[in-house]
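Quick notes on the structure that follows.
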2 protein chains.
Amino acid sequence: MIKKLVFALLLFTSLNGQAQENLNFNRNKEIASPEINADKSLTFRLMAPNVKKVELQGDLLGKNDPVAMTKQDDGLWSYTTSPLKSELYSYSFIVDGLKIRDANNVYQIRDVASVVNVVIVPGGKADNYLVKDVPHGTVSKRWYKSPGNEKDRRISIYTPPGYENDKKKYPVLYLLHGMGGDEEAWLALGRTAQILDNLIADGKVTPMIVVMPNGNVAQAAAPGEDSKGLYKPGMQLPNTMDGKMEETFPDIIKFIEGNYRAKADPAHRAIAGLSMGGFHSLHISRFYPKTFDYVGLFSPAIMPFAKTTSPVYENFDVTLKNQFNNGLKLYWIGIGKTDFLYKSVADYRKKLDETGAKYTYSESEGGHTWSNWRDYLVLFTPQLFK
Amino acid sequence: MIKKLVFALLLFTSLNGQAQENLNFNRNKEIASPEINADKSLTFRLMAPNVKKVELQGDLLGKNDPVAMTKQDDGLWSYTTSPLKSELYSYSFIVDGLKIRDANNVYQIRDVASVVNVVIVPGGKADNYLVKDVPHGTVSKRWYKSPGNEKDRRISIYTPPGYENDKKKYPVLYLLHGMGGDEEAWLALGRTAQILDNLIADGKVTPMIVVMPNGNVAQAAAPGEDSKGLYKPGMQLPNTMDGKMEETFPDIIKFIEGNYRAKADPAHRAIAGLSMGGFHSLHISRFYPKTFDYVGLFSPAIMPFAKTTSPVYENFDVTLKNQFNNGLKLYWIGIGKTDFLYKSVADYRKKLDETGAKYTYSESEGGHTWSNWRDYLVLFTPQLFK
């Protein structure tokens with residue numbers, strides 16, 4: 001038995017240095033960080049005996065400024081927060097001015113060019129973000145032909161539990177990310193697969209296909225996933241809000257309805273997006289009449305229109321009015337009270353009010369955050385296809 | 001135009017601190033790390049004016065010991081390697097004794113409980129690991145019912161380019177990870193999707209479905225992907241080499257052949273695995289007669305058999321002999337010269353030689369590394385289904 005265990009341990013660990021995989025199993029073995037305490041506070045820990053200062057920064061502090069962590073004699077730094085509301089939080093440590101990840105937390109998410117650690121405090125709304133013992137949908141990364149962009153492009157697709165085991169057709173939600181995001185964003189930061197699995201299991205949401213394209217049509221795929229290699233992500237202007245995404249959106253619908261058992265009529269198509277994706281959803285749903293009966297604008301970027309030759313932004317008022325008169329079932333707008341886009345959204349609502357357009361408006365606390373966008377997804381999806 | 005740009009910039013950046021997403025676009029904007037130089041050396045950089053010492057550690061150094069980086073007056077630390085062979089390398093920085101990620105490189109891979117940065121040096125074998133402008137297969141994360149394990153389990157599946165657009169049946173490679181790995185390992189560390197895409201595009205590999213299950217049957221899914229939540233990964237004994245994975249493997253074959261257009265005969269089934277997955281492949285292919293005509297053992301863990309009630313390890317010699325007499329087309333063994341498992345594999349080969357079993361043996365430089373396992377995948381897959 002001892003011999004077997006020793007042998008098994010060798011499968012993990014380095015025998016002769018660089019030649020073997022260096023798995024670091026025992027390093028930091030005893031340190032839990034973050035630890036979720038009984039009162040829903042979090043304790044963060046970092047073993048760093050040789051540094052002068054360790055700080056914690058993250059949305060869980062309720063402020064942007066970092067807080068100082070406290071050092072024990074053995075070099076273990078720690079900090080315990082106040083009891084926290086249920087949420088998916090992100091955080092970093094700052095060690096002598098250098099922002100780093102928590103060595104004891106392998107759960108990280110890339111948001112554009114930053115990578116941050118994440119932690120889920122359960123016991124409330126964030127329970128929707130957990131993987132539970134419920135039937136799970138399938139998440140696929142596929143490539144579709146986009147003749148309008150003259151390239152193949154990568155796309156994320158969630159099919160609901162049971163999709164592969166029946167012959168039914170399903171409604172489709174097209175779910176668009178914000179500027180700097182890509183086809184990974186709604187899955188990683190939005191916890192879309194978990195939210196859909198859980199709300200479908202609860203009977204709150206109609207089983208649906210969720211399609212998450214890449215809204216930066218200059219890209220074929222998320223950073224690292226196309227032939228540009230492992231480049232450093234950055235701002236993705238141009239080709240994000242110049243009409244091209246909207247013009248080439250039919251390539252996506254055609255791909256989905258040609259490759260999935262999708263109900264191909266306006267009553268079974270929804271489009272929603274956050275920030276820039278809200279801008280895209282606004283224009284796509286307006287520009288293609290009688291295509292989407294359900295529209296969700298999550299903290300939408302109601303941009304001043306660009307000088308562009310794209311026909312997408314022409315005849316705005318007429319096409320918008322037509323959209324609302326053509327059987328639209330839901331036009332949902334959500335924004336946070338402190339969102340920097342609040343005023344432009346208020347102006348847009350005023351415009352809608354003046355034309356008698358009927359929409360649903362949801363105002364939340366907070367700003368331009370993934371916390372709000374996850375909330376909006378949870379509020380929006382139960383209203384679809386009913 | 002200025003107004004539009006300013007507005008667009010606001011979509012990225014924090015206006016009122018914690019309430020908005022903090023995307024850190026401009027931080028480290030000008031720092032490239034790692035930079036791939038013309039001579040294929042790599043330059044690493046880290047801005048850290050307030051720390052005493054920064055070191056670089058990684059397999060690209062050709063040794064396990066870290067090297068010291070050099071500080072400029074402005075606090076930028078850097079180090080340039082020798083010209084490097086084409087490879088996927090992993091590395092960390094060590095700042096005053098603390099192992100951290102490169103803030104300028106968002107590309108990271110989790111290997112069990114460690115997260116490391118990765119970089120691909122092109123111009124040779126690692127070109128197979130790049131996403132190229134070739135047709136791409138689909139990667140899906142699905143859940144299958146495993147009655148033998150009394151749970152639903154997560155599985156990664158690669159279907160080759162064209163799979164969705166024809167009605168053909170495809171051969172299947174079952175590709176198993178090592179101890180501490182999971183259904184993500186071959187995709188993330190093994191670059192399986194890229195390797196298959198590229199070798200299929202080159203006409204070197206027959207288009208095939210690649211099935212990557214989770215070999216730790218005590219788990220439903222990779223860490224963070226099951227109902228255990230975002231726990232700290234660790235060693236996954238027991239239930240990894242006690243017969244249970246092998247006993248319940250028919251659940252996986254049944255799922256694949258019931259849900260995919262898979263050619264369901266021995267001539268179109270292959271099984272291969274690394275380390276513990278090599279152990280699993282050895283036993284599964286032997287225990288289920290006339291099931292797999294192609295077997296790949298990559299640095300296999302030829303374990304002393306456990307005291308177990310599992311029938312999997314009984315009648316070893318007889319079932320092994322039967323396997324080689326039943327139409328087996330390829331029994332491929334690869335191992336590195338400095339692998340700590342070298343001797344046990346040599347002993348196993350001796351046993352095979354004594355019984356007259358015909359196998360293909362490939363000995364490489366190096367040890368128990370993902371570099372070797374990617375090589376073995378590139379060597380093994382062109383020999384399948386021909």
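The values are calculated or read from the model by the stated rules, or taken from the named source; none is laboratory data. Owing to the predicted nature of the structure, the values given are computational and were not obtained by experimental measurement. Note: ideal-geometry Cβ built from the backbone for every residue, glycine included; neighbour counts use all protein chains shown.
Whenever a residue of segment B:319-339 is free of Cβ contacts under 8 Å to residues at least 60 places away in the same chain and among the charged types (D, E, K, R), its partners that are surrounded by fewer than 16 Cβ atoms within 10 Å (Cβ to Cβ) and part of a loop (DSSP other than H, G, I, E, B), lying with C-beta atoms within less than 8 angstrom and at least six residues away or across chains, give the pairs B:Lys337/B:Glu365.
Scanning segment A:336-378 for residues that are farther than 21 Å from A:Tyr89 by Cβ, hydrophobic (A, V, I, L, M, F, W, C) and either out of contact with any Leu (no Cβ under 9 Å at 6 or more places or on another chain) or within 12 Å of another protein chain (Cβ to nearest Cβ) (or both) yields a count of 3.
Of B:Thr381, B:Thr308, all but one fail to be within 14 Å of chain A (Cβ to nearest Cβ) and out of contact with any Phe, Trp or Tyr (no Cβ under 9 Å at 6 or more places or on another chain); the exception is B:Thr308. Taken over segment B:364-386, the criterion of being closer than 15 Å to B:Gly296 by Cβ and among the charged types (D, E, K, R) is satisfied by B:Arg374, B:Asp375, B:Lys386. Checked against (1) more than 12 Å from chain A (Cβ to nearest Cβ); (2) surrounded by 18 or more Cβ atoms within 10 Å (Cβ to Cβ); (3) out of contact with any Leu (no Cβ under 7 Å at 6 or more places or on another chain); (4) farther than 18 Å from B:Ala185 by Cβ, B:Asp317 passes all but condition (2). B:Val134: touching a Lys or Arg at 6+ places or on another chain (Cβ under 6 Å) and outside any helix (DSSP H, G or I), yes or no? When the stated conditions are applied, B:Val134 does not pass them.
Residues are listed down the side, and each one gets a yes or a no for (1) within 23 Å of B:Glu164 (Cβ to Cβ); (2) crowded, with 24+ Cβ neighbours inside 10 Å; (3) at pLDDT below 95; (4) more than 11 Å from chain B (Cβ to nearest Cβ):
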{"residue": "A:Pro161", "(1), (2), (3), (4)": "yes, no, no, no"}
{"residue": "A:Lys169", "(1), (2), (3), (4)": "yes, no, no, yes"}
{"residue": "A:Thr206", "(1), (2), (3), (4)": "no, no, no, yes"}
{"residue": "A:Asn214", "(1), (2), (3), (4)": "yes, yes, no, yes"}
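Quick check on segment A:74-87. Is at least one of its residues closer than 24 Å to A:Leu189 by Cα, among the acidic types (Asp, Glu), loosely packed, with under 14 Cβ neighbours inside 10 Å and at pLDDT 95 or above? Among the residues of segment A:74-87, not one is closer than 24 Å to A:Leu189 by Cα, among the acidic types (Asp, Glu), loosely packed, with under 14 Cβ neighbours inside 10 Å and at pLDDT 95 or above, which makes the answer no.
Taken together, A:Val134, A:Val119, A:Val115 contain a single residue that is at pLDDT 95 or above, out of contact with any Pro (no Cβ under 7 Å at 6 or more places or on another chain) and β-branched (Val, Ile, Thr), which is A:Val134.
For segment A:63-100, a residue qualifies if it is more than 10 Å from every other protein chain (Cβ to nearest Cβ), of a type in the set (S, T, N, Q) and under 13 Å from A:Arg45 (Cα atoms), and the qualifying residues are A:Thr70, A:Gln72, A:Ser78, A:Thr80, A:Thr81. Residues in segment A:39-69 that are touching a Ser or Thr at 6+ places or on another chain (Cβ under 6 Å) and surrounded by fewer than 20 Cβ atoms within 10 Å (Cβ to Cβ): A:Ser41, A:Thr43. The criterion of at least 1 residues that are closer than 22 Å to B:Asn128 by Cα is met by the following helices (runs of 4 or more DSSP H) wholly inside segment B:151-267: B:185-188, B:192-201. Pairing residues of segment B:48-62 that are more than 7 Å from chain A (Cβ to nearest Cβ) and part of a strand (DSSP E or B) with residues that are of a type in the set (Val, Ile, Thr) and buried (at least 20 other Cβ atoms within 10 Å of the Cβ), at Cβ distances under 6 Å and at least 6 apart in sequence or on separate chains, gives B:Val54/B:Val95. Under the condition of being free of Cβ contacts under 8 Å to residues at least 60 places away in the same chain and over 28 Å from A:Gly234 (Cα atoms), which residue from segment A:108-134 is nearest to the chain's Cα centre (by Cα)? If we take residues in segment A:108-134 being free of Cβ contacts under 8 Å to residues at least 60 places away in the same chain and over 28 Å from A:Gly234 (Cα atoms), then A:Ala126 is nearest to the chain's Cα centre (by Cα). Only one entry in B:Ala103, B:Ala126 is touching a strand residue (DSSP E or B) at 6+ places or on another chain (Cβ under 7 Å), farther than 30 Å from A:Gly162 by Cα and more than 7 Å from every other protein chain (Cβ to nearest Cβ), namely B:Ala126.
Okay, residues lined up against (1) buried (at least 21 other Cβ atoms within 10 Å of the Cβ); (2) closer than 24 Å to B:Leu328 by Cα; (3) at pLDDT 95 or above:
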residue	(1), (2), (3)
B:Val172	yes, yes, yes
B:Gln194	yes, no, yes
B:Glu225	yes, no, yes
B:Leu237	no, no, no
B:Met241	yes, no, no
B:Asp251	no, yes, yes
B:Gly273	yes, yes, yes
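The set of residues from segment A:350-377 being modelled with pLDDT of 95 or more and polar (S, T, N, Q) comprises A:Thr360, A:Ser362, A:Ser364, A:Thr369, A:Ser371, A:Asn372.
Contact map, segment A:68-80: first residue farther than 16 Å from A:Glu30 by Cβ, second residue assigned to a loop (DSSP other than H, G, I, E, B), Cβ cut-off under 6 Å, separation 6 or more or different chains; pairs are A:Tyr79/A:Met69; A:Thr80/A:Ser41.
Scanning segment B:294-330 for residues that are under 23 Å from B:Lys263 (Cβ atoms), aromatic (Phe, Trp, Tyr) and under 21 Å from the mean Cα position of the chain (by Cα) turns up just one, B:Tyr294.
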